[in-house]
Amino acid sequence: MMAVTPLSSLQVTKHYIPKFNYIPNSSIQNYPLLVYHACFPESTTASAIESHFQSVGVVVPNWRSTMSTICHFHSTSHEVMCVAEGRANLCFGGEDNPERVIIEVKKGDAMILPAGLAHRLLEDLDGDFLVVGGYPIGKSWDMCYGRPDEEDKISKIKDLGWFAKDPIYGDSGSVLFL
């Protein structure tokens, strides 16, 4: 495993975002958006993050790209995203939601998103924003947009299991203490 910021020094922010229209956010399983600030060293590459995912063995690195500018969420899987390059402003909870969360993330930050949590890229601040994204082993992801015809998909979120190990820290980490 790659060296990550020790848990005793890690700054973690938690955001519980309420349901908004047809976007469930944190309401179904009551898991928050977790942001692990600077958990990876500044020198970390996208390949190193992918290798770290594989060595921890909780999520499979599925994609390496910028983040979608379209507000969406997943009903079939939780998601882990780690910033490999750049800085960006991200919106969580739906851009029209008065209780949305807008945060700036930067290289080395990791985000753990529960299923149902809407997210999108608002602004790439440096022009090189790159994220490594992954989903728990054995889970496939779907795309939902907060429409009334997605209620059947949304109803299945309640049956998703949470992480048995932290996707970044393995047998320790904030995911295990919610």
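From LYS107, LYS165, which residue is basic (Lys, Arg), touching a strand residue (DSSP E or B) at 6+ places or on another chain (Cβ under 7 Å) and at pLDDT 95 or above?
LYS107
Restricted to the range 154-163, and to residues that are touching a residue at least 60 places away in the same chain (Cβ under 8 Å) and not aromatic (Phe, Trp, Tyr), which residue is least open to solvent (accessible area, probe 1.4 Å)? I'd like the intermediate steps shown before the answer.
Within the range 154-163, the subset touching a residue at least 60 places away in the same chain (Cβ under 8 Å) is 154, 156-158, 160, 162-163.
Add one more test, that the residue is not aromatic (Phe, Trp, Tyr), and what stays is 154, 156-158, 160.
Numbers: ILE154: 24, LYS156: 131, ILE157: 1, LYS158: 127, LEU160: 24 Å².
Out of the qualifying residues, it is ILE157.
Filter the range 28-46 down to residues that are open to solvent by 60 Å² or more (accessible area, probe 1.4 Å) and either touching a Lys or Arg at 6+ places or on another chain (Cβ under 9 Å) or assigned to a strand (DSSP E or B) (or both) and give me whichever is modelled with the highest pLDDT.
For the range 28-46, the residue satisfying everything is ILE28.
I'm trying to understand the selection: among the residues of the range 6-22, which are more than 18 Å from the chain's Cα centre (by Cα), in a loop (DSSP other than H, G, I, E, B) and either of a type in the set (S, T, N, Q) or at pLDDT 95 or above (or both)? Steps first, please.
Of all residues in the range 6-22, those more than 18 Å from the chain's Cα centre (by Cα) come to 6-9, 20-22.
Subset that is in a loop (DSSP other than H, G, I, E, B): 6, 21-22.
Matches in the range 6-22: ASN21, TYR22.
Being part of a helix (DSSP H, G or I) and among the β-branched types (Val, Ile, Thr) is the filter; apply it to the range 154-178 and report the residue that is nearest to PRO6 (Cα to Cα).
Selected residue: VAL175.
Here is a check on your reading of the model: is LYS14 open to solvent by 50 Å² or more (accessible area, probe 1.4 Å), within 30 Å of MET143 (Cβ to Cβ) and without any contact (Cβ under 8 Å) to a residue 12 or more places away in the chain? Explain how you work it out, then say what you get.
Values: open to solvent by 50 Å² or more (accessible area, probe 1.4 Å): yes; within 30 Å of MET143 (Cβ to Cβ): yes; without any contact (Cβ under 8 Å) to a residue 12 or more places away in the chain: no.
When the stated conditions are applied, LYS14 does not pass them.
Which one of the conditions (1) out of contact with any Gly (no Cβ under 8 Å at 6 or more places or on another chain); (2) part of a loop (DSSP other than H, G, I, E, B) does ASN25 fail to meet, given that it meets all the rest?
(1)
I'd like to know if the range 54-71 contains one or more residues that are out of contact with any helix residue (DSSP H, G or I) (no Cβ under 6 Å at 6 or more places or on another chain), without any contact (Cβ under 8 Å) to a residue 60 or more places away in the chain and among the β-branched types (Val, Ile, Thr).
Checking the range 54-71: at least one residue is out of contact with any helix residue (DSSP H, G or I) (no Cβ under 6 Å at 6 or more places or on another chain), without any contact (Cβ under 8 Å) to a residue 60 or more places away in the chain and among the β-branched types (Val, Ile, Thr).
Anything in the range 47-62 that is surrounded by 14 or more Cβ atoms within 10 Å (Cβ to Cβ) and either of a type outside the set (S, T, N, Q) or within 15 Å of GLY173 (Cβ to Cβ) (or both)? List them, or say none.
Residues satisfying the conditions are ALA48, ILE49, GLU50, HIS52, PHE53, VAL56, VAL58, VAL59, VAL60, PRO61.
The values are calculated or read from the model by the stated rules, or taken from the named source; none is laboratory data. The shown structure was predicted, so the numbers you read here are calculated from the model rather than taken from an experiment. Every residue, glycine as well, gets a Cβ built from its backbone with ideal geometry; the counts of neighbours run over all protein chains shown. The area values use the complete protein model at the heavy-atom level, side chains included, leaving out ligands, DNA and RNA. Shrake-Rupley method; radii C 1.70, N 1.55, O 1.52, S 1.80 Å.
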